[in-house]
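Asks: Structure provided below as structure tokens; questions to follow.
The values are calculated or read from the model by the stated rules, or taken from the named source; none is laboratory data. All of these numbers come straight from a predicted model, not from anything done at the bench. Every residue, glycine among them, receives a Cβ derived from its backbone with ideal geometry; neighbour counts consider all protein chains shown. When the accessible area is computed, the model is the full protein with side chains, heavy atoms only, and any ligands, DNA or RNA have been set aside. Shrake-Rupley method; radii C 1.70, N 1.55, O 1.52, S 1.80 Å.
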Amino acid sequence: MSEFLQKSISTNLSELDDVKGYVEGYANTYNLKDSHGDISSPDSFLKTVNERAKIIKVYLNHDDNQLIGVPAFIDAKDPIGLKTGTQFNMKTNLGRDAFYDVKFLVDNGFEAGMSIGAWIMKRNGKNKSIVEEYRLKEYSFLTKEQSNRTSLVTALKSADSPSELMGLLTKMFNLPYSDERLKQIESILKSLETKPNGEEVINPTDGTTLLNDEPTRKTFFQIATLK
């Protein structure tokens, strides 16, 4: 019986065009052990790409209710791995926001990666860790933490101070997101009222002011996904 797995890698995107909403990157790499302990052989995607290239989808975070684009190409013969070119659907809020999430994170030095959703159809007879054939269902861009830290499209990084967090959010606010996303970012910016020492200001219902015992810290992943 075939196994269905979601396999992720960390990689730098090789091309990102914010005019067209286009991204190139590797959805899987060959001859390297992944987070599941598997090694993809260089021929492992040849059959599935030949048969299914026109029906493979591009999702956000492996959610099949969040279609964000289509493959412009899928190259299973690239010597490094399964190379893809993705055209994001910039006419929808979901596709445009997903693209600018990726662009923002990459532009600000966060590690980028992609993830495949595929069935393992055949393993090597002598070495079961080597996958000889996949049946690819989809690949995804990830903007939230997965169960394994290697499953991130972007490395998680905590903002070291409220000022750093404000700076990141301000950069994000200046991107051409959808109105809904911009309202979410604006709301977060307005909520970050802090003391100089980094303590978060809380206004109780009685009108007095209380201070948290510890400085405010939010992971960038929480801010970037905004979902």
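Asks: Within the range 1-107, which trypsin sites (Lys or Arg not before Pro) sit in a loop by DSSP and count at most 16 neighbouring Cβ atoms inside 10 Å?
Replies: Answer in residue order: LYS20, LYS54, LYS77, LYS91.
Asks: Say each of ASP64 and LYS126 gets a label point 7 Å from the Cα, pointing the same way as Cα to Cβ; how far apart are those two points in nm?
Replies: 3.8
Asks: Averaged per residue, what accessible surface does the range 19-103 expose to a 1.4 Å probe, in Å²? Before the final figure, lay out each step's value.
Replies: On the way: 4000 Å² over 85 residues.
Accessible surface, normalised per residue, equals 47 Å².
Asks: Summarise the accessible area of the range 48-118 (1.4 Å probe, protein heavy atoms) by the percent that is carbon and sulfur.
Replies: The computed percentage sits at 47.
Asks: So for the range 1-63, taking the charge dipole from beta-carbon charges (+1 Lys/Arg, -1 Asp/Glu), which of PHE45, GLY25, LEU13 sits furthest toward the positive end?
Replies: Highest projection toward the positive end goes to PHE45.
Asks: If we sort 122-129, 65-72, 167-174, 38-45 on the protection proxy, mean other Cβ atoms within 10 Å, highest first, what's the order?
Replies: Descending packing order for the listed peptides: 38-45, 65-72, 167-174, 122-129.
Asks: Give, in nm to one decimal, the length gained when the segment between LYS183 and ASN50 is fully stretched (0.36 nm per residue of separation minus the Cα-Cα distance).
Replies: 43.6 nm
Asks: Moving on. What pairs from LYS77/LYS128; LYS54/LYS128; LYS83/LYS183; LYS57/LYS171; LYS83/LYS171; LYS57/LYS190 go past 28 Å between their alpha carbons?
Replies: Those over the limit are LYS54/LYS128; LYS83/LYS183; LYS57/LYS171; LYS83/LYS171; LYS57/LYS190.
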